[in-house]
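Before any comments, here is the structure.
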Amino acid sequence: MKWHWSNSELAVERARWEKRLQRVGLRTPLPETGLDYLLPLLVFAEHEGEGLIHSFRYALAGLWYALRTQRNLRIHLSAACLAILMALLCQVSPVEWAVLALTIGAVIISELFNTVIEALVDLISPDRHPLAKIAKDVAAAAVLTMAIMAVAVGVALFGPRVLAWLSWLLAQWPGSL
């Protein structure tokens, strides 16, 4: 993105941005000197006019980035696929599906927020700093806590079914009581 403009470029940019701002309902006159300090507002205004499709495009780009770069997210998604397969095999009830879906969603969301926190900490504090370490460690602890809770939900949902299946299997074993 261009940060500084010549006088003729500035006039063109000012007119273009004023139209965009008016389209989203802002009537703020732009300064004569430059647009640098207004860049966040202008970018927001530009994105507001892009519509719903662009919002999904940005969200999918973020998800794709996380999938490409975050090993733990891929591990969580693999575990989610196994849980879904197990739920299909166990023929869980609709309420159990809802609990499973919310649990999987919570783990994925916590991992995505962890990625956001790590990226922001790296942006704000590129050098090693004790507070940056604390922020990253606590974000990772939140993901770990959610993953442990998800395992507990999995044990509660699938444990009795797996035990029943194992006891049936042992009863079929030759020479069993």
(request) Could you pull out the residue among Thr115, Thr103 that is surrounded by 11 or more Cβ atoms within 10 Å (Cβ to Cβ) and either closer than 21 Å to Cys90 by Cα or touching a Cys at 6+ places or on another chain (Cβ under 6 Å) (or both)? (result) Thr103
(request) Output the number of residues of segment 122-141 satisfying the condition of being closer than 16 Å to Gln70 by Cα and surrounded by 15 or more Cβ atoms within 10 Å (Cβ to Cβ). (result) 3
(message) Give me the residue from segment 72-100 that is exposed (fewer than 13 other Cβ atoms within 10 Å of the Cβ) and among the small types (Gly, Ala, Ser) and, out of that set, farthest from Phe158 (Cα to Cα).
(response) Ser78
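Values in this text are rule-based calculations from the coordinates and carry no lab data. Just so you know, these numbers come straight off a predicted model, no measurement behind them. Glycine also receives a Cβ, built like all others from the backbone with ideal geometry; neighbour counts cover every protein chain displayed.
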